[in-house]
Amino acid sequence: MIVRKSPSELETMAVTGRLIAEVHELLRDALQPGMSTRDLDRIAEEEIRARGATPSFKGYRGFPGSLCTSVNEQIVHGIPSDDVVLAAGDLIKIDAGSIVDGYHSDSAVTWIVGGDDTVAPAVADLVQRTREALWAGLLEARAGNRVTDISAAVEAVAQPHGYGVVREYVGHGVGRALHEDPQVPNYGRPGRGPKLVPGLVLAVEPMFNLGTADTAVLDDDWTVVTADGQVSAHWEHTVAITEDGPWVLTARSDEPAYPLTDLDRVPGRAAVDAREVG
Ligand code: MG
Ligand code: MG
């Protein structure tokens, strides 16, 4: 069942969205080599609770963390651990959500520990292009489109580069439940699936792999990894469909939020342009 949110519900979702954006900014600024993924989890949980909200993921189907922290070949759903210590050149995917007045937010980032220069250009490009695919998808989150207009826009960014587009895990509706209908795949022909209508709130979340799209799940029954062990990138925002265009509820302060009209404003684009020209 697809749930449309009222204007006042959207205002609440903007509050929980802004909260998780600021948690991501805090984690981004704190991130450095030598930290464990459990350190990140602790910072996030303290901040979320200090603001009177609740971590969306903690206890979700028994998940032990407030964040999902997935490193390198791990795609999503990694469990924060004192034993996973980050080093320069690691890709850390941080997925976070918060509940405010019963409404969830859901947003993920991929940071390169130590910066772009610590990885091969192909890895930095994967991270940036996955981020671009997110924004390409968000731009299609407008009334009158259908769900797979988002999917096709996301997939189109991956295709020229031969990235594996993860198929087993997809975007979704967000609201009183963390995962609502409809599903939002990162692949497919445009013009299909449910119509996008004002009040619909979606999590758009491309997962691109440097190698094969195939995935596996580790023995902890949570951590999803690439089948071939190559690295993966994941970016996610929660977006509301409005009469006036996409409203990115989880946009950080260096990202456009509303109304979303210009892909050129997405940070990081210049770096890939420079590599593509050079
Ligand atoms: Mg998420
Ligand atoms: Mg999600």
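Derivation of every value follows stated rules applied to the coordinates shown; laboratory data play no part. These numbers were taken from a predicted model, which means no experiment stands behind them. All Cβ positions, glycine included, derive from the backbone under ideal geometry; neighbour counts span all protein chains shown.
First check a/c for segment 56-137, with a ≥ b ≥ c the square roots of the eigenvalues of its C-alpha gyration tensor; if it is under 1.5, answer rounded, and if not, answer prolate when a/b is larger than b/c or oblate otherwise. Oblate shape, in that a/c is at least 1.5 and b/c is the bigger or equal ratio.
Our coupling estimate for segment 25-36, obtained by passing each phi through the Karplus curve with A = 6.51, B = -1.76, C = 1.60 and θ = phi - 60°, is 5, 4, 5, 4, 6, 8, 4, 7, x, x, 7, 9 Hz, Gly and Pro reported as x.
The alpha carbon gyration tensor of segment 101-200 gives principal lengths a ≥ b ≥ c with a/c of 1.5 or higher and a/b no greater than b/c, which makes the shape oblate. For the Cα trace of the chain, dividing Rg by the Kirkwood Rh returns an Rg/Rh value of 0.94.
For the chain, the 222 nm mean residue ellipticity estimated from helices alone, with every DSSP H stretch of n ≥ 4 adding -39500 (n - 2.57) and the total spread over all residues, rounds to -9500 deg cm²/dmol.
Compare the Cα positions of Ser81, Ile112, Pro182 along the charge dipole of the chain (+1 at Cβ of Lys, Arg; -1 at Cβ of Asp, Glu; about the Cα centre) and return the one farthest towards the positive end. Comparing the listed Cα positions along the dipole, Pro182 ranks first.
About its Cα centre, the dipole of segment 26-166 is roughly 380 debye, where the only charges are +1 on Lys and Arg Cβ and -1 on Asp and Glu Cβ. Phi angles of segment 145-160 translate, via the Karplus equation with coefficients 6.51, -1.76, 1.60 and θ = phi - 60°, into HN-Hα couplings of 6, 10, 3, 7, 5, 5, 4, 5, 5, 5, 4, 4, 6, 6, 4, x Hz per residue; Gly and Pro are given as x.
Basic side chains Lys and Arg get +1 at the Cβ, acidic Asp and Glu get -1 at the Cβ, and with that the dipole of the chain about its Cα centre reaches some 780 debye. Computed over neighbours whose Cβ is under 11 Å from that of Arg189, the net charge equals 0, Lys and Arg +1, Asp and Glu -1.
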